[in-house]
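Only one structure is covered here, and it is reproduced in the block below.
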Amino acid sequence: MKLPVIRHLHRNNDQEKLKNTLDVLESFCDHRSVSEVETDVIGELISNICGAIEVQQMIDEGTPERDAANNFMKKVIGSIDK
């Protein structure tokens, strides 16, 4: 996950567009002809889109953008450390 990408995505797209893109990417990965390399790249895209959606939800709940992004990354790092 890349925080600058997550910020760019949530600033320039609404949640509906991000969720629709997420659905298309997940469907694409389900096809049998998609290679492992393609799946890895799409997985990274999906992670960034999910991050953008979560950061936007925190902002919508009243969290300042900077705090929302930092809280999200702390959550991700915390889950990796476990």
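Bear in mind these aren't lab numbers, they're just calculated from the coordinates by the rules spelled out. Just so you know, these numbers come straight off a predicted model, no measurement behind them. Every residue, glycine as well, gets a Cβ built from its backbone with ideal geometry; the counts of neighbours run over all protein chains shown.
Brief remarks follow.
- Taken about its Cα centre, the range 3-81 carries a charge dipole of about 240 debye when Lys and Arg each add +1 at the Cβ and Asp and Glu each add -1 at the Cβ.
- Over the chain: Rg over Rh, Cα atoms, Kirkwood Rh: 1.02
- Residues in the range 1-21 reached by a label modelled at Leu45 [backbone nitrogen below 14 Å; 7 Å Cα→Cβ]: 18-21
- Sparsely packed loop sites in the range 8-53 (the trypsin sites (Lys or Arg not before Pro) outside DSSP H, G, I, E and B with at most 16 other Cβ atoms within 10 Å) comprise Arg32.
- Aspartates and glutamates with Cα under 14 Å of Lys75, excluding same-chain neighbours fewer than 8 positions away: Glu54, Asp67
- Computed from Cα atoms, the angle from the helix 65-81 axis to the main principal axis of the chain rounds to 60 degrees.
- Extension gain (nm, one decimal) between Glu61 and Arg32, 0.36 nm per residue minus Cα-Cα: 6.5 nm
- For the chain, the longest principal axis of the alpha carbon atoms and the long axis of helix 15-29 meet at an angle near 30°.
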